[in-house]
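Step one of this worksheet: look at the structure below.
The values are calculated or read from the model by the stated rules, or taken from the named source; none is laboratory data. If you're wondering where the values come from, they're calculated on a predicted model, not measured in any experiment. With ideal geometry, Cβ positions are generated from the backbone for all residues, glycine too; neighbour counts draw on all protein chains shown. Keep in mind that these areas ignore ligands, DNA and RNA; they rest on the heavy atoms of the full protein, side chains included. Shrake-Rupley method; radii C 1.70, N 1.55, O 1.52, S 1.80 Å.
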Amino acid sequence: MITLVMWYSPVGILFLITGQIISTTDLTETGQTLAMYIATEMAGLAIHLLVVLPGLYCVLTRKNPYSIHLKAIQALITALATSSSAATLPVTMQCVEQRMKMDTRISRFILPVGATVNMDGGAVFAAIAPMFIAQYNGISLTFGDVIIISLTAVLSSVGSAGVPGSGFAMLLFVLKAIGLPERGISFLVTVDWLMDRFRTMVNVASDCLVVGVVSHYTKLSPSDTSETQGEPLREEQEMLENDLV
Ligand code: ASP
């Protein structure tokens, strides 16, 4: 059934977008609003990636946050290419353990949890996209609406999975929370393949910084291999020797 839906979905999306374009009276204005939406989301993600997250890291650890970004660059590029925090996880682990030299006990606990629940980029998207929908439908939002959007955006980002487009699916919950119509959402589909890549990059960068913060406070030495770090390999070796695997 899922295979059938996956094969059919490009056709469905094509008709969804075509229908929306035909029903739009002023295409130029809609195009401008969409361009504004892309610029706003890009700016939001850039501020979060380059100012908010590094600022928090710097305050909490008194270390240079940009060195973490540099060491995690391979994971960030993989996130950009795959649009999936989950698919990027092995590369993120490699960067954190080998380039950032973090303890595996921290990275192997924090990163899988982060790839599942820590979606900062998704939260930025889920806060900005409803604004676009409201503007497209000519609805002005009150301060209370903005607060509700912010809260539901954070909650929906926690609930979204680390796979391509999951943040987009969660957008419907945010729209429902303040009673916004879904009209105009198909315009967002046209650009989401691009926006998803950038928000996944922010999600992965945030996971790496969290590992840095936890590592700073737990003070576990990266070279501390005394407890769990070497054991799985040793056990595997013993099992191999005993022909158990
Ligand atoms: N694609 C994103 C991720 O994997 C989730 C999202 O769609 O916001 O992190």
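Report the extension gain between residue 182 and residue 29 in nm, rounded to one decimal, defined as 0.36 nm multiplied by the number of residues separating them, less their alpha carbon distance. Kindly include the intermediate steps, with their values, before the conclusion.
Numbers: separation 153, 0.36 × 153 = 55.08 nm, distance 1.85 nm.
Computed gain between residue 182 and residue 29 is 53.2 nm.
Give the Rg (one decimal place) followed by the Dmax (whole number) of segment 122-172, computed from C-alpha coordinates and expressed in Å.
For segment 122-172, the Cα radius of gyration and maximum Cα-Cα distance read 11.0, 33 Å.
Could you tell me the number of lysine pairs in the chain with C-alpha atoms less than 21 Å from each other, where the two lysines are 8 or more residues apart or belong to different chains? Before the final figure, lay out the partial values.
On the way: 63/71; 63/101; 63/219; 71/101; 71/219; 101/219.
Here the count comes out as 6.
Specify the longest stretch of the chain that does not include any exposed loop site, a site being one of the trypsin sites (Lys or Arg not before Pro) with a non-H, G, I, E, B DSSP assignment and at most 14 other Cβ atoms within 10 Å. Write out the running numbers ahead of the final one.
Working: sites that count: 62, 63, 101, 183, 219.
Value returned for the longest uninterrupted segment is 102-182.
Sort 92, 78 from largest to smallest accessible area, using a 1.4 Å probe on the heavy atoms of the protein chains. Mind dumping the intermediate values first?
On the way: 92 5, 78 35 Å².
From most accessible down to least: 78, 92.
Can you send over the carbon and sulfur percentage of the accessible area for segment 1-63, probe radius 1.4 Å, protein chains only?
On the way: 3480 of 4480 Å².
Here it works out to 78 percent.
Can you list, bin by bin at 5 Å, the percent of alpha carbon pairs in segment 64-174, starting at 0?
Taking every Cα pair in segment 64-174, the percentages come to 2, 12, 18, 19, 16, 12, 9, 6, 3, 1, 0.
List the residues whose amide H sits under 5 Å from the amide H of residue 102, counting only those 5 or more places along or on another chain, with H placed 1.01 Å from N in the peptide plane.
For residue 102, whose amide H was placed from the backbone, the distant partners under 5 Å are 97.
Cut-off 10 angstrom, C-alpha nodes, Gaussian network model of the chain. Which of 76, 209, 151 fluctuates the most?
Its mean-square fluctuation being the largest, the pick is 151.
List the longest stretch of the chain that has no exposed loop site; here a site is one of the GluC sites (Glu not before Pro) assigned by DSSP to anything other than H, G, I, E or B, with at most 14 other Cβ within 10 Å.
Numbers: sites that count: 182, 227.
Longest stretch, sites excluded: 1-181.
Whole number in Å², please: accessible area per residue of the chain, 1.4 Å probe, ligands, DNA and RNA not counted. Before the final figure, lay out the partial values.
Working: 13400 Å² over 245 residues.
Heavy-atom accessible area per residue stands at 55 Å².
How far, in degrees from 0 to 90, does helix 231-241 lean away from the longest principal axis of the Cα atoms of the chain, to the nearest 10?
70
I'm a student and want to see the number: the projected area of the Cα convex hull of segment 1-157, averaged over all directions, in nm². Please list the in-between numbers first.
Numbers: hull surface 49.9 nm².
About 12.5 nm², averaged over all directions.
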